[in-house]
Amino acid sequence: MKLTFSQTVTGNISGGVLVVTIDNPPVNAASADMRQGLLAAIDNAAGSKEISGVVITGAGKTFVGGADIREFGKPMAEPVLPQVVDHVEASRKPVVAAINGAALGGGLEIALACHHRIAAGSAKIALPEVKLGIVPGAGGTQRLPRLAGVIAAAEMAASGRMVGAAEALALGIVDEVAEGDLVARATAVARELAGKPPRRTGDLAVAAVDAEAFGAMATKALARARGQDAPGEALRLVRSAAGRSLAEGLADERATFLRLRDSDQSKALRHVFFAERAAAKVDGLEGVEPRAVSTIGIVGLGLMGSGIVVAALDAGYAVIGVDATAEAARKGRERIAALLDRNVASGRLDAEGREQRLALLTISHRMEDLADVDLVIEAVFDDLDVKTDLFRRLEGIVRPDAVLATNTSYLDPDLLAAAAPHPERVVGLHFFSPANIMRLVEVVNCAKTAPDVLATGLAVAKKLGKLPVVTGVCEGFIGNSIFSAYRREAEFLLEDGALPQDIDVAMEGYGFAMGPFAVFDLAGLEIAWARRKRQAAARDPNERYVGIADRLCEAGRFGQKSGRGWYAYPDGKRTVDPEVTAMIEAARAKKGISPREIKPDEIVLRLLGAMAAEGEKLLAGNIARRASDIDLVMINGYGFPAYMGGPMFAAGK
Ligand code: 3H9
């Protein structure tokens with residue numbers, strides 16, 4: 001018999017067990033309706049003679065995706081999740097969680113309050129709240145350590161790391177992993193447990209903690225979470241579970257959750273969460289099917305190309321890597337193998353995974369070997385003639401339905417496409433280095449790119465585990481346009497009175513992992529110098545131009561690689577160089593600028609302002625489709641701190 005507890009929660013009685021199904025697409029979030037329904041289901045079981053136990057499961061591929069994030073910032077409707085969770089735990093009849101898929105945040109908290117947990121092999125659990133700038137708010141920091149121990153629980157709560165079924169079993173978070181029919185097994189267990197005193201997680205003692213081991217884990221977790229409030233709070237809450245009652249711990253957790261939920265960091269991170277989902281929706285692509293891609297050809301096996309090869313192999317694509325000569329191809333193969341070896345050494349990959357990837361890889365110096373690939377990504381030298389020539393050759397080799405993608409950063413892909421007989425199959429896929437690690441891919445919608453070709457670019461980037469953001473064509477696309485404006489303003493600040501180290505310290509204080517001048521030195525100064533020289537003739541003589549970077553390059557200071565740039569690097573360590581200070585002072589004097597003291601707040605304000613102003617231009621020119629896309633590009637490609645929401649969010653756009 002089907003029972004309806006709310007619009008999203010229904011039940012079925014099977015042999016004395018109430019099987020409660022949460023069906024709240026897309027991710028079974030714990031919305032007000034779902035909370036009310038779940039509470040009603042537990043009450044119904046309590047009051048029914050016919051029911052001796054309860055199973056809770058989710059419809060579809062998610063158990064419960066957590067609290068409904070869209071409700072944050074609105075008045076909270078009763079019952080709140082902690083009430084529901086307490087109700088589940090307090091039930092006198094056994095409640096078994098049948099974790100059919102992702103049990104995240106509030107979803108895991110519901111499962112933790114159940115008296116027995118059975119996971120499907122594909123289940124995944126996590127407390128991802130810190131990624132939204134909050135801590136768990138329905139008992140996660142207090143119940144998880146009672147099952148998994150303080151250290152494992154604290155590490156999960158501070159990192160938001162996703163844990164698979166096997167690890168959850170090993171950690172004691174789930175009691176078993178179901179081999180066959182999950183709900184049938186959970187129903188059988190509920191029947192076995194009926195009439196016995198329920199094993200309540202909240203009643204369990206928290207095992208003693210090794211303070212040194214906790215300290216080592218916490219140091220690592222905090223280093224990764226620099227600048228953010230939530231991870232430290234999560235560590236504190238889990239740690240203190242050991243020394244106080246459940247009720248005290250829950251009260252502290254709830255107060256911390258409510259405080260952080262209203263914090264600026266949480267608002268910014270929620271903006272980023274929804275920005276990522278919005279970026280995947282592209283006007284004009286509704287109902288457009290991407291072309292099927294199973295084999296990718298990658299031309300140019302330098303640093304960028306090899307990184308793209310590894311990303312493609314990681315995603316399970318068959319890859320044909322091509323470079324111009326047998327020697328270059330051999331070096332490319334070595335580079336790819338070295339990247340895989342590094343992943344093995346760091347534990348990210350096992351030896352079997354390495355072999356599987358190498359089995360998917362063909363290396364060649366013959367372009368003709370690309371005859372049957374579905375997609376070619378070129379990552380050759382960023383020169384228009386070289387790339388145009390390559391595209392022309394490819395046209396004569398690849399299948400007529402193959403997609404051609406360019407990884408250019410600065411060239412005009414419309415010019416490249418124009419050189420090809422079929423410009424509609426050309427798209428830009430702008431990866432960031434190292435391409436197997438960096439999450440951002442700018443997908444460049446060229447003037448003639450066909451909708452299904454754009455959709456293919458997006459689908460492939462997504463399958464590579466990347467965050468694709470669509471950009472129109474302009475010099476530097478979204479990211480480098482904004483980065484240029486940032487660079488320009490940073491150089492104005494130099495002339496006006498700040499030194500590189502002042503600017504870097506201010507931006508690092510704001511949350512960037514590295515300030516702009518440290519980044520310039522890391523990336524190398526010569527490419528931007530070459531571009532400035534190329535553009536010199538066309539430059540408006542009335543435009544403010546700072547020549548200090550040119551003076552540095554003329555003096556052979558090309559950045560970290562050459563041992564000197566905006567800083568000196570004795571023993572590889574970033575050090576202020578009086579020679580650079582003197583060059584900056586000379587440049588100011590030459591222009592008759594008397595320097596003034598510029599405080600960190602002004603530095604931050606001017607640099608953020610420059611980024612937002614350039615962002616406005618990109619929006620007006622239809623290069624970026626929405627302000628939040630710009631935020632994603634700067635966060636994922638240029639080190640803008642996610643917990644500040646991106647330059648457009650910070651500017652209130
Ligand atoms: C929490 O639980 C706090 C508690 O401790 C305390 C409470 C008191 N709410 O990602 P997708 C939407 S905090 C509302 O593309 P996937 C999403 O916006 C929460 N909506 O799918 C999108 O909508 P649209 C802790 C949500 O299959 C659609 O679902 N939980 C939520 O690639 C599809 O999303 C989390 O942080 C939500 N919680 O991945 C989990 N989640 O189609 C966050 C998703 O309109 N969620 N949506 O654009 C995820 O990590 C992924 O969405 C998930 C599915 C892995 C579940």
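What follows draws every value from the coordinates through simple rules; no lab data is involved. On a predicted model such as this, the values are computed, not experimentally measured, just so you know. Positions of Cβ are generated from backbone atoms using ideal geometry, with glycine treated the same way; all protein chains shown enter the neighbour counts.
Structure values in brief
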quantity	calculated
Estimated dipole of the chain in Debye, rounded to 20 [Cβ of Lys and Arg +1, of Asp and Glu -1, Cα centre]	640
5 Å binning of all Cα-Cα separations within the stretch 503-653, expressed as whole percents from 0 upward	2, 8, 14, 17, 19, 19, 13, 6, 1, 0
³J(HN,Hα) computed for each position of the stretch 221-235 - Karplus, 6.51 cos²θ - 1.76 cosθ + 1.60, integer Hz, glycine/proline x	4, 6, 4, 6, 9, 2, x, 9, 7, 4, x, x, 5, 4, 4
Cα centroid separation, the stretch 344-364 to the stretch 558-587 (Å)	40
Placed amide H near A178: partners under 5 Å, 5+ positions off or other chain	A119, A120, G121
Per-bin percent of Cα-Cα distances, the chain [10 Å]	3, 14, 21, 22, 20, 13, 6, 2, 0, 0
Stokes-Einstein diffusion coefficient of the stretch 1-134, Kirkwood radius over Cα pairs, 10 °C, 1.306 mPa s, in µm²/s	109
Size of charge dipole - the stretch 121-251 - debye, nearest 20, with Cβ of Lys, Arg +1 and Asp, Glu -1, no other charges	220
Filter on K561/K591; K124/K220; K281/K466; K61/K196; K220/K599 - keep pairs with C-alpha separation over 20 Å	K561/K591; K124/K220; K61/K196; K220/K599
Within the chain, helix-based [θ] at 222 nm, where runs of 4 or more DSSP H residues each add -39,500 (n - 2.57), nearest 500	-14500 deg cm²/dmol
Separation of alpha-carbon centers, the stretch 25-80 and the stretch 248-275, rounded to whole Å	21
Distance from the stretch 286-336 to the stretch 425-486 (C-alpha centre basis), Å	16
Amide H contacts of L440 (H built 1.01 Å from N, under 5 Å, at least 5 apart or other chain)	L467
The stretch 375-389 - phi-based ³J(HN,Hα) in whole Hz, Karplus 6.51/-1.76/1.60, Gly and Pro as x	8, 10, 10, 9, 9, 8, 3, 6, 9, 4, 5, 4, 6, 4, 4
Kirkwood-based Rg to Rh ratio, the stretch 295-473, C-alpha trace	0.95
